[in-house]
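Take a look at the structure below.
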Amino acid sequence: MKKTELLAEFDIKAAALKKFVFDDPYIEESTSDYKINTLFKSSVVFISVTDGNDRAAVFNCAAPTLESAWDGACALAKKYVGDSKTFPLWLKTDILNDCKITDYSAVRQEIRKSRDFYYKKGISFDVDFYTALLEAQLNCGGLIDYNAKALNLRRLREHFSDAGNDMFVSIPEQVVTFTTIGYICDEDMNTYKLYPDEENYGRRVTGEITSALLQDVIAKSSAYLSACVDENGRFDYGVNPVINDHFTSYNILRHTGTVWSIIMQYQTTGDETLVPKIDSALEYMMNSVEQPDDDHAYLVERKADEIKLGGNAIMIITLSTYMDVFGGDKYKELIRKAANSILDMQEEDGSYFHVLSFPDYARKDRDRIVYYDGEATFALARAYGIIGDEKYLDGARKALDYFIANGYTRYADHWIAYSINEVTLHDPQERYLNFGLKNANDNLNRIFNQDTTFHTFLELLMATFELYSRIKEQKLSPSYLSKFNFDYFMRTIFRRIHYMLNGFLYPEIAMYMKYPLGTVNTFCVRHDSYRVRIDDVQHYIGGYFSAYKHFDELKEYYDKLVQQAVVREEDKQADDRAEFVKWILDNI
């Protein structure tokens, strides 16, 4: 594009963003309180801009009024767009709303107390904000060394040098920490306000959860996964977006589970372009399947020469879902053979042996990871639904009995929830129903208060919701139902649906990564360098897909709870007033 066209595009977006910001009725009040009784009297505005190919360039201005600070920052950003011929794909502003001078040693203490990549303040190395860095710049730019619990001086020097500031040489003993209120204008001229609170800091305000919102994140994150499939059916396994470092390792188990997610995307969208992606990814998986005889099949992890119990399990789950969605019995024989192999790895007491070596099929590791147990049980129940052979359901029952006897609710395992839900489709015995409800109920406090996005928790809750709904629909009466805290359960579901959006790389977060377009609109694990890996995205999608599928029912339950809470509060206030009046009358 010509320079004049780029500048015109910038002007259009800047005007839309400015109008949106200055129309906010709370903007003046919320961005001026820090000036009261402090040395800080200037308004400070940051403008971030990127074309999506490079980390956002950030410009700021401190001035006596909010509007003059805005105009100053915008002028700097516009000059950059013209000089560098950068298309302003995303334009974002951050307006200072709180700041204080503090010792750098205190900042290090705060970093030490926070999770990795969860320090949620900006830092300026001078009181005039010439050397100010937004929270997103610090974290997404890798400018905090979380291992050393300190700022990374070498990277700070490189950052300021690249920005044309060669005066920064060391971290002063005192710095200014600050927070902002953010707003963004995206590629489609949509404008959003960003959350200023610490929990959701810097992510767009979504307001009420809707089915359209869930459908949107499912579609976008699934599109990311399908775009990761190459011509051979192999996924781009993962990336550290802070430095755009793509992972060279691979895991066929996770590959197979990710295909399950793309099938869910097809169920949600009906997008026919996904079908060849699904088929090619399954063909790639088939290259790792070994069938030593007519009755057994194994998914082999070639790089380690291993057969994992979870690998066979997720293969059955994915292939059975494929057949549910697309019809036919294409993979029925393979499911039968894989299920036989799972039974061969099951012990007499219902537990499982986890890992075999390949090619000799000798037993290698008794226990590798507890999640394999629930996966295998879920897979056996699925196999029973397709094959109809009672031995698969018997194996699943034995496993559930083992889980019950050994207190498996302590693991807060989503695969256990999936397996109970699937087994009770065929055999709703009371002890299994009780165990399914208890598996969620025992973990509600942990799940509700979890301070990371921990994507599998929503899967656990939603599998349990399906179980609960079937109990109510079939008028079953398991004894644990009276102990099941349904109100807290529903609140926890909506809490996780909302909180997990903090793991979605919206443009306002992705724009500060090294290659923003490479990871925008998919899910990440923030406390691991914003890691984007196919299996993580798979689990996010799994939970959101189930919530989307049952959203109308969920919303009906939740709205009743909220309404009841309002009524109870009104009743409490009325009771308080009546009690107060009675006290006055009694004491006249």
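Structure above, values below:
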| item | result |
| --- | --- |
| Rg and Dmax [Cα atoms of segment 386-430; Å; Rg one decimal, Dmax integer] | 10.8, 32 |
| Segment 1-137, accessible surface, carbon-and-sulfur percent (1.4 angstrom probe) | 54 |
| Karplus 3J(HN,Hα) series, Hz, for segment 493-506 with 6.51 cos²θ - 1.76 cosθ + 1.60 (x for Gly, Pro) | 4, 5, 4, 5, 4, 6, 5, 5, 5, 5, x, 8, 7, 4 |
| Using alpha-carbon coordinates, inclination of helix 309-326 to the longest axis of the chain, degrees | 90 |
| Accessible area in square angstrom per residue, the chain, 1.4 angstrom probe | 42 |
| Charge dipole of the chain about the Cα centre (unit charges at C-beta), most positive-ward option of Gly257, Ile278, Tyr80 | Tyr80 |
| Burial order of peptide ranges 109-115, 50-56, 373-379 (average beta-carbon count within 10 Å, highest first) | 373-379, 50-56, 109-115 |
| For segment 238-310 and segment 519-567, distance of Cα centres in Å | 23 |
| Dimensions in Å of the chain - Rg and Dmax from alpha carbons | 27.3, 94 |
| Estimated translational D of segment 229-322 in µm²/s (Stokes, Kirkwood radius over Cα pairs; 10 °C; 1.306 mPa s) | 112 |
| Inter-label distance for Asp427 and Asp230, nm, one decimal - labels placed 7 Å from Cα along Cα-to-Cβ | 4.5 |
| Bins of 5 Å, starting at 0 and running to the largest distance - Cα pair percent for segment 312-364 | 4, 18, 23, 21, 16, 10, 7, 1 |
| Simple spin-label estimate for Tyr480 and Arg112 in nanometres, 7 Å along Cα-Cβ | 4.3 |
| Rounded to 10°, Cα long-axis angle of helix 534-549 versus longest principal axis of the chain | 80 |
| Cα Rg, Dmax (largest Cα-Cα span) when computed across segment 47-97, Å | 11.0, 34 |
| The chain: angle of helix 153-162 to the longest principal axis, Cα-based, in degrees nearest 10 | 60 |
| Cβ-placed point charges (K, R +1; D, E -1), dipole of the chain about Cα centre in debye, nearest 20 | 880 |
| Segment 84-156 versus segment 430-499: alpha-carbon centroid distance in Å | 38 |
| Over segment 440-517, volume per residue of the alpha carbon convex hull, in Å³ | 102 |
| Solvent accessible area, Å² - Lys391, 1.4 Å probe, full protein context | 90 |
| Förster radius 30 Å - calculated FRET efficiency between Arg154 and Lys41 (Cβ-Cβ, nearest 0.05) | 0.30 |
| Three principal axis lengths of segment 307-403 [C-alpha, angstrom, descending] | 37, 31, 20 |
| Where only C-alpha atoms are counted, convex hull volume of segment 140-223 per residue in Å³ | 184 |
| Value of D in µm² per second that Stokes-Einstein yields for segment 32-144, Kirkwood Rh from Cα pairs, at 25 °C (0.890 mPa s) | 162 |
| Set Lys277/Lys549; Lys18/Lys149; Lys277/Lys337 screened for pairs whose C-alpha atoms are more than 28 Å apart | Lys18/Lys149 |
| Selection from Ile12, Gly141, Leu458, by position along the positive dipole direction of the chain (Cβ) | Gly141 |
| Rg to Rh, two decimals, where segment 100-253 supplies the alpha carbon set and Rh follows Kirkwood | 1.03 |
| Glu473-Asp487 pseudo-label distance in nm [points 7 Å out on the Cα-to-Cβ vector] | 2.7 |
| Value of Rg to Rh for segment 202-247 (Rh from inverse mean 1/r over Cα pairs, i.e. Kirkwood) | 1.11 |
| Mean separation of Cα contacts under 8 Å, 6 or more apart, over the residue count of segment 150-285: relative contact order % | 15 |
| Reduced Cα scattering model of segment 345-499, Debye log10 I(q)/I(0), q = 0.08, 0.11, 0.15 Å⁻¹ | -0.24, -0.44, -0.78 |
| Coordinate range along principal axes, alpha carbons of segment 271-357, Å, largest first | 44, 27, 22 |
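The values are calculated or read from the model by the stated rules, or taken from the named source; none is laboratory data. Since the model is a prediction, treat every value here as computed from it, not as a measurement. Note: ideal-geometry Cβ built from the backbone for every residue, glycine included; neighbour counts use all protein chains shown. These accessible areas exclude ligands, DNA and RNA; they are computed on the full protein's heavy atoms, side chains included. Shrake-Rupley method; radii C 1.70, N 1.55, O 1.52, S 1.80 Å.
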